[in-house]
Amino acid sequence: MSRRDALVAALRLRARRCRRRGGILMYHCITEDTADPWAICVSPHAFDEQMTVLAHARAAVDLGDFAGDDAYTRTGARIAVTFDDGYLDNLTTALPILERHEIPATIFVIGNGVGRTREFWWDALQRALLTGPLPEALDFPFGFSPTGYTLDERPGDDEALTGWRADFDAAVTSRQKLFRALWDAIVVLEPTEQDDAVDHLLAWAGRPTSPPTPRRAVDAEQFAELAAHPLITIGSHTLDHPSLTDLPPTRQHAQILEGRRTIEELAGRPVTRFSYPYGRHDDTARAAVRDVGIDIACSSVPVPAITGDDRHALPRLQPTEMDGDRFTRRLREDYGLLTGTTR
Ligand SMILES: [Zn+2]
């Protein structure tokens with residue numbers, strides 16, 4: 001971040017601290033994983049510590065409170081928990097922890113993700129590219145050709161991958177650059193092409209196509225178990241997890257409408273919450289979300305929610321792997337939340 005960006009961010013934060021505010025947390029997987037360029041995994045132990053902080057502060061509220069005025073306070077005392085995508089560990093690992101602390105959560109599930117037996121493309125891509133050795137040359141016939149690409153690994157490049165964040169850190173090594181270029185190319189492909197593309201890359205990299213992976217989606221039965229649980233509210237997350245802002249309006253609308261319909265049929269009840277895949281939205285997407293009757297929708301802009309925010313594009317903070325003390329400091333010092341509590 002440049003000094004100017006840092007200054008703007010600090011001023012923005014200060015302005016937000018003057019308003020009534022609350023926090024919406026965005027989790028994905030509750031599991032341990034070494035290659036995690038988007039920091040979407042939080043270990044069960046860290047998640048438990050983070051939920052303990054919310055429980056001790058009596059901060060946890062249902063996301064629905066953010067549709068009205070209840071969630072916004074001068075001290076940022078209310079915090080809602082959400083999960084994206086519909087990973088199985090939300091049921092097997094996160095739910096018992098939520099139960100122990102009596103914390104409600106909203107899980108945004110991809111319509112065609114339920115019952116999916118293979119990894120999501122972004123998980124397969126990071127497994128292909130960011131773990132183990134790679135061949136030098138790549139032929140990638142999916143609308144993107146890294147012409148002349150050669151893997152030019154230098155001593156120390158391996159270590160550069162550890163803890164590398166694709167969203168914050170610069171891509172420095174040839175492997176990091178290739179990962180980013182491929183991610184940008186694959187995100188805009190059709191769903192079947194995305195799977196073909198990562199199959200091609202897994203084969204090229206010499207990785208198994210279907211490994212035992214902790215990052216697995218729920219099946220219909222597991223989804224029903226989540227949907228029936230009193231602490232859980234199910235939201236939708238489109239039908240196929242496209243980059244909505246890269247789609248024409250009719251397809252945006254169809255992805256939002258069909259995703260919601262699929263999840264409603266599976267849940268057997270109305271679904272009125274939504275989150276934007278990759279946090280990407282524009283005027284058309286927000287209008288479509290309102291149009292299909294969604295009550296509250298979340299983006300991934302990492303700032304607290306404040307009074308006056310559009311309830312169809314509420315920002316969310318992304319907790320990463322950190323213990324309870326660090327989590328508390330992050331909420332207080334970076335986001336101005338939980339400022340009225342002593343722990
Ligand atoms: Zn997602």
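Here are the numbers for the structure shown:
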| quantity | calculated |
| --- | --- |
| Whichever residue in the stretch 212-227 is under 23 Å from Ile256 (Cα atoms) and not charged (D, E, K, R) and, among such residues, is surrounded by the fewest Cβ atoms within 10 Å (Cβ to Cβ) | Ala220 |
| All positions within the stretch 179-188 that are buried (at least 19 other Cβ atoms within 10 Å of the Cβ) and aliphatic (A, V, I, L, M) | Leu182, Ile186 |
| Hey, Arg316 within 16 Å of the ligand (Cβ to nearest atom), within 19 Å of the chain's Cα centre (by Cα) and either outside the structural domain of Ala60 (by TED's automatic domain parsing) or crowded, with 21+ Cβ neighbours inside 10 Å (or both) or not | yes |
| Any hit, the stretch 275-292, residues being more than 15 Å from the ligand (Cβ to nearest atom), at pLDDT 95 or above, part of a loop (DSSP other than H, G, I, E, B) and assigned by TED's automatic domain parsing to the domain that holds Phe223 | yes |
| Search result, residues across the stretch 21-51 that are away from the ligand (no atom under 15 Å from the Cβ), of a type in the set (A, V, I, L, M) and part of a loop (DSSP other than H, G, I, E, B) | Ala35 |
| Residue satisfying condition, being within 15 Å of the ligand (Cβ to nearest atom), open to solvent by 50 Å² or more (accessible area, probe 1.4 Å) and outside any loop (DSSP other than H, G, I, E, B), within set Thr192, Thr250, Thr245 | Thr245 |
| Test for Glu102: is it in the same structural domain as Leu63 (by TED's automatic domain parsing) and surrounded by fewer than 17 Cβ atoms within 10 Å (Cβ to Cβ) | yes |
| Condition met for Leu129 (out of contact with any Lys or Arg (no Cβ under 6 Å at 6 or more places or on another chain) and more than 14 Å from Ala35 (Cβ to Cβ)) | no |
| Members of the stretch 72-98 that are without any contact (Cβ under 8 Å) to a residue 60 or more places away in the chain and open to solvent by less than 10 Å² (accessible area, probe 1.4 Å) | Ala80, Val81, Phe83 |
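This table checks each residue for (1) open to solvent by 10 Å² or more (accessible area, probe 1.4 Å); (2) among the charged types (D, E, K, R).
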| site | (1), (2) |
| --- | --- |
| Ile263 | no, no |
| Leu266 | yes, no |
| Pro270 | yes, no |
| Ser275 | no, no |
| Arg286 | yes, yes |
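The values are calculated or read from the model by the stated rules, or taken from the named source; none is laboratory data. Only a predicted model underlies this, so the values are computations on that prediction, with no experimental measurement involved. Using ideal geometry, Cβ is built from the backbone for each residue, glycine included, and neighbour counts are taken over all protein chains shown. For accessibility, only protein heavy atoms count, side chains too; no ligands or nucleic acids. Shrake-Rupley method; radii C 1.70, N 1.55, O 1.52, S 1.80 Å.
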